[in-house]
Amino acid sequence: MSIQKVLITGVAGYIGSVLLRKLFEQNINVVGIDAFFFGDASLVEEKDNPLFMMYHADIRDIAAMKEIIEKEKPDAIIHLAGVVGDGACKMVPNDADFININASMELLDISDEAGVKRFIFASTCSTYGKMVNDETLTEDSTLRPLSLYAVSKVTFENYMQAKPYDHVTPCILRFATVYGKSPRMRFDLTINDFVRELHLGKELQVFGADLWRPYCHVDDLALSILLALKTDKEAIYKQVFNIGSNDNNFKKSEIVDKIQKVYPNSKVEYVNKDEDPRSYRVNFDKAKKVLGFEPTKTIEDGIEEIKELLDSGVIEDTYENVYRNS
Ligand SMILES: NC(=O)c1ccc[n+]([C@@H]2O[C@H](COP(=O)([O-])OP(=O)(O)OC[C@H]3O[C@@H](n4cnc5c(N)ncnc54)[C@H](O)[C@@H]3O)[C@@H](O)[C@H]2O)c1
C-alpha cells in the first residue's frame, strides 16, 4: 500500500521528532498532534515544511481528534502520545490512565470509523516486567507488567487485539529501551543519562547492575515504524513485534563498561538497594523475519553521538525539566 499522509500523535517527543524527519525524507506528508508538555522546540526547524501540518491539541479532546482526522484523512496513524515512563506515570496516575488507556481507545475507535488504514501503537518491552527462569522473551511470552506505565500499555494492547475492525489494520510495536540523539533530548533514559553523568565528571550511581534490558537506537525505532507502514497489511494485522536486536540485550553493568571505554577515568558506584524489579532479555526474530527490521546503530554509536552532542554545547543545561519525563 502506498502511504502518502501519516498522522503522528506525540510528534514533538523524543521518538516523534525523529520519525517526522524520516517521513519527510521519504516525501510523506505528516499531520502532527501534540499537547507540547515539553514544549515545541523540537519542531521549530520543520514548522514551514510544506509536507507538515501541525495541530497543538490534546488527544483527550476527542472532538478535536475527530475533526482533525476527518479533515486531514491520513492513511495511517502512529500513536506515540502518552505519559511515558514509570516515574512520569507515578507522578500523574490519573492522567496516565486517561491518556494511555481511555483516550487511546477512543482515538483508535474514531480512526477505524473514519477509514484510516493503519494504526501503529508504540508499546514497550517493559510490559514483560521480569523474566522467569532466565527465559528470553518472545511476543508470545507472558506479560508481567510491574508498573502503572506498563499496565496501561498492556491494557491498550489487549483492547487493540480484542476489537473488531471495519477499516484499520492495527499493529503493536514493543520498543526496547531507547537511546541516542533526538531534537527532543531525553536525559532520563539509561544510556543517555549514564553518558551525561560520566561526561560531566560526576560519580555515577548504578542501581541493579545485573538487571537485563534490551536497547535500541531512536533512529532504528523510527525505521521500524517506516517498515510497519510498508509491510503488507495481512502480515501485521493485530500482530505484536518486539523492536530491538538480539545482540543488544545487556546488563546495566555491561552498558557502564562500554561507556567507561570512552571515559576510562570515570567513577561508578554500584548500589545494591531499592533495585528496579524489571529485568528482561528479549528475542527480536519476528520483526526481522516479517518486517525485515535490522538495527543500523550500535550502543557504541549512541555513546559517541551523545558525547558529541554534549561536547557541542548546544544544550546549555541538560538537567532542565524539558529534557526528562520525571
Ligand atoms: N523512549 C523509550 O524508551 C520508549 C520505549 C518504549 C516505548 N516508548 C513509547 O514510545 C512513545 C513515544 O515515547 P517518547 O520517548 O518519544 O516520549 P516523549 O515523552 O518524548 O513524547 C511523548 C509526546 O507526547 C505528547 N503527549 C503526551 N500526552 C499527550 C496528550 N494527551 N495529547 C497530545 N500529546 C501528548 C508529549 O507532549 C510529548 O511530546 C510512547 O508511547 C512511549 O510509551 C518509548
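Read the figures in this text as sums done on the coordinates, not as results from a lab. Bear in mind the structure is a predicted one, so any value in this text is a computation, not a measurement. Glycine gets a Cβ as well: all are built from the backbone with ideal geometry, and neighbour counts include every protein chain shown.
A dipole drawn for region 245-298 from +1 and -1 charges on Cβ atoms has a positive end, and of Val271, Ile255, Ala287 the residue lying farthest that way is Ala287. Ordered by the count of other Cβ atoms within 10 Å of each Cβ, fewest first, Tyr263, Tyr319, Tyr270 give Tyr319, Tyr270, Tyr263. Enter the Cα centre distance for the pair region 222-287 and region 1-35, rounded to the nearest angstrom. Using only Cα atoms, the two centres lie 23 Å from each other. For a straight C-alpha distance cut-off of 12 angstrom, the aspartates and glutamates reachable from Lys202 (same-chain residues fewer than eight places away being disregarded) are Asp193, Glu269.
Using a simple spin-label model with pseudo-atoms 7 Å out from Cα toward Cβ, Asn133 and Asp61 lie 5.2 nm apart. If r is the Cβ-Cβ distance from Lys73 to Val290 and R0 is 25 Å, what FRET efficiency results, to the nearest 0.05? Step by step, r from the Cβ atoms, then E = 0.35. Cβ crowding within 10 Å, taken as a proxy for footprinting-reagent exposure, orders Tyr165, Tyr280 from fewest neighbours to most as Tyr165, Tyr280. Normalised by the number of residues in region 183-326, the average gap of Cα pairs under 8 Å and 6 or more apart makes the relative contact order 43 percent. Applied to region 110-125, the Karplus parametrisation 6.51 cos²θ - 1.76 cosθ + 1.60 on θ = phi - 60° returns per-residue 3J(HN,Hα) values of 6, 5, 5, 4, 7, x, 5, 8, 9, 9, 10, 10, 7, 9, 9, 5 Hz, with x for Gly and Pro.
Between 0 and 90 degrees, the angle of helix 16-25 with respect to the longest Cα principal axis of the chain falls at about 60 degrees.
For Phe119, the residues whose modelled amide H falls within less than 5 Å of its own, excluding neighbours fewer than 5 places apart on the same chain, are Ile77, Thr169, Cys171. Dividing the summed -39500 (n - 2.57) terms of all DSSP H runs of n ≥ 4 by the residue count of the chain sets its mean residue ellipticity at 222 nm at -10000 deg cm²/dmol.
3J(HN,Hα) along region 35-40: 8, 6, 4, 10, x, 10 Hz, from the Karplus curve 6.51 cos²θ - 1.76 cosθ + 1.60 with θ = phi - 60°, whole Hz, x for Gly and Pro.
Derived scalar couplings between HN and Hα for region 244-255 equal x, 9, 4, 7, 10, 8, 9, 6, 4, 5, 5, 5 Hz in order, rounded to whole Hz, by the Karplus curve 6.51 cos²θ - 1.76 cosθ + 1.60 (θ = phi - 60°), x for Gly and Pro. Measure nothing but the geometry: give the 0 to 90° angle between the long axis through the Cα atoms of 299-312 and the longest principal axis through the Cα atoms of the chain, rounded to 10°. Helix 299-312 sits roughly 90 degrees off the main axis of the chain.
The longest part of the chain holding none of the exposed loop trypsin sites (Lys or Arg not before Pro), meaning those outside H, G, I, E and B in DSSP with at most 14 other Cβ atoms within 10 Å, is 48-201. Here are some pairs, Lys233/Lys307; Lys71/Lys230; Lys181/Lys261; Lys90/Lys251; Lys73/Lys238; which of them have Cα atoms lying more than 31 Å apart in this structure? As for pairs spanning more than 31 Å Cα to Cα, those are Lys233/Lys307. Between the amide H of Leu204 and those of Lys267, Val268, Glu269, distances stay under 5 Å, these residues lying 5 or more places away or on another chain, with hydrogens modeled in the peptide plane. Between Asp97, Asp40, Asp232, which gets the highest mean-square fluctuation from a Gaussian network model of the chain, Cα cutoff 10 Å? Evaluated over the chain, the most mobile residue of the options is Asp232.
Quick check: the angle from helix 62-72's long axis to the longest principal axis of the chain, C-alpha only, nearest 10 degrees? Taking the Cα atoms of the chain, the angle to 62-72 is about 70 degrees. Among Glu197, Glu269, Glu113, the largest mean-square fluctuation in a Gaussian network model of the chain (Cα springs under 10 Å) belongs to Glu269.
If you take the Cα atoms of region 252-326, find Rg, then find the Kirkwood Rh from the mean of 1/r over all pairs, what is Rg/Rh? In region 252-326, Rg relative to Rh is 1.03. The H on the amide N of Cys216, modeled in the peptide plane, is under 5 Å from the matching H of Thr177, Val178, Tyr179, each at least 5 residues off or on a different chain. In plain terms, the residue of Asp140, Asp220, Asp34 with the fewest other Cβ atoms within 10 Å comes first and the most crowded comes last, giving Asp140, Asp220, Asp34. Between Thr169, Thr296, Thr138, the residue with the greatest mean-square fluctuation in the GNM of the chain (Cα pairs under 10 Å linked by springs) is Thr296.
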